[in-house]
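Scroll down for the structure; my scribbles are underneath it.
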Amino acid sequence: MPFADVNGIKIKYHIMGDGENLIFISGWGMDHRVWMHQASYFRDRYRVIVFDNRGVGESTDDGRRLSTYILAKDVVGLLDFIGVDKANVVGSSLGGMVAQELAINFPKRVDKLILSSTTSRLSIKTRRNFIKNLKKAMKNDIDILFDISPEHPVLNRTINYILKMSFSREFLDRNGDLISEILRSNLSREGYLHTIIRQAGAAVRHDTRRRLRMIKSKTLILAGEDDVLIPPSEGEEIAKGIKDATYILIRNCAHSIQMEKPDEFNYYLENFLKECI
């Protein structure tokens, strides 16, 4: 994967296939590998672009205070670097927040917009529940499924709590090796913890509620029925704010739809891109 010089940092990216441009934006703390099921599926029909957000994976970082707007500017910078004027944009979780800022502030760069497991503003109830349960986890009130960082027990419990919020137990049991590899490779890099703290701040400060009406791209919103990290009701609120948006609830699925239910995710994404939904 090559690097792009973007806004004073280097963004690691990869391009696969030919056709309409289709770019995927990863969520909190995750690198481009969370899109592996989509990259392998769509590369035969689209020009697929995946990348690592600043400070994650192999992308560098400058330590500045993050916002979803700054991360959206990184996406624009990457598109400029690789010579792409316009792309279909897919974002999950924090990546979906970034995708909203992209569609609002750089509308000419966005063709169709796909938002998965995301929000226009984390509700007070969602934030309170997350913080309350996180505090419990940090006090040892959680089962350790993955010994990712045993030398840092509080961090280890925090990671396991977030994994349980993001994935079903069945998925974690089946894909433990993959999740462990993604987390260990990122945790081994200097500055990663600082990055995910700053990403969390960007997510908490994100607020597009009054600006959703500015999104003119045709929009698909996907939400997991069992998502406790960002409840599906928050996706419904986005759908209400964007004219003619399509909202689809994925049954028996938690937060990371593209990984837990890749076949369903790809089905709805493909049909939306083909304008069959």
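One chain, two ends: D85 and R64. Fully extended at 0.36 nm per residue, the span grows by 4.9 nm beyond their Cα-Cα distance. Extension gain, E270-D18: 0.36 nm per intervening residue step, less the Cα-Cα distance, totals 89.2 nm. For N21, the amide hydrogen comes within under 5 Å of the amide hydrogens of R47, N88, counting only partners 5 or more places away or on other chains and with H modelled in the peptide plane.
Taken along the Cα-to-beta-carbon direction at a fixed 7 Å, the label points for V154 and R209 span 3.2 nm.
Full extension of the chain between R169 and F106 yields a length gain of 18.8 nm, computed as 0.36 nm times the residue separation minus the alpha carbon distance.
Laboratory data are not the source of any read-out in this text; all were calculated from the coordinates shown. A quick note: this is a predicted structure, and the numbers were derived from the prediction, not measured. Cβ sites come from the backbone with ideal geometry, for glycine too, and all protein chains shown count toward neighbours.
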